[in-house]
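J.: Structure provided below as structure tokens; questions to follow.
Values in this text are rule-based calculations from the coordinates and carry no lab data. Computed from a predicted structure; not experimentally measured. Positions of Cβ are generated from backbone atoms using ideal geometry, with glycine treated the same way; all protein chains shown enter the neighbour counts.
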Amino acid sequence: MQYRIGYQWRLREVMAARGMNNISDLMTPLHEVGIELSASQLYRLLGNTPDRLPLALLGALCHVLDCTTEDLCDFRVDATPSRRTASGTRGPAIAAVPDPSVRPKRARIHRPGSPQ
């Protein structure tokens, strides 16, 4: 069994629960705690699920929104079945033993115009 950590980014939902409906509602408090994000960066943070997030930004979001990381990210563990591997239950593998009486025939190369 293989496991993957998945998560759902819920920044927009947490903002809506706090009465923040615009990017500017979040941008000003973030500037006050020292996080400088442009409007386009904040828009991408709201609209997309981030793959990486600086801890300073995560801490600032939790402070400004008065929430925890569990409120911002809903983590889950997804289990996927792993590939089947050989277990050795079929019996011993038979190795091909070459017959000593059978020998390969030597190849002869014939070129046009040359004596044989």
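J.: How much length is gained on full extension from L53 to R108, taking 0.36 nm per residue of separation minus their Cα-Cα distance?
T.: 13.0 nm
J.: Only Cα pairs under 8 Å and at least 6 apart count here; give the relative contact order of the chain as a rounded whole percent.
T.: Reported relative contact order: 43 percent.
J.: Longest segment of the chain with no trypsin sites (Lys or Arg not before Pro) in a DSSP loop having at most 11 other Cβ atoms within 10 Å?
T.: With trypsin sites (Lys or Arg not before Pro) excluded where exposed in loops, the chain gives 1-51 as its longest stretch.
J.: Assuming a ≥ b ≥ c are the square roots of the Cα gyration tensor eigenvalues, decide whether the range 11-66 counts as rounded (a/c under 1.5), prolate (otherwise, with a/b larger than b/c) or oblate.
T.: Values: a/c = 1.24, a/b = 1.07, b/c = 1.16.
Because its axes are fairly even, with a/c under 1.5, the range 11-66 counts as rounded.
J.: What list of ³J(HN,Hα) values in whole Hz, one per residue of the range 28-36 in order, does the Karplus curve 6.51 cos²θ - 1.76 cosθ + 1.60 (θ = phi - 60°) give from phi, with Gly and Pro shown as x?
T.: With coefficients 6.51, -1.76 and 1.60, one gets 5, x, 5, 5, 5, 9, x, 9, 9 Hz.
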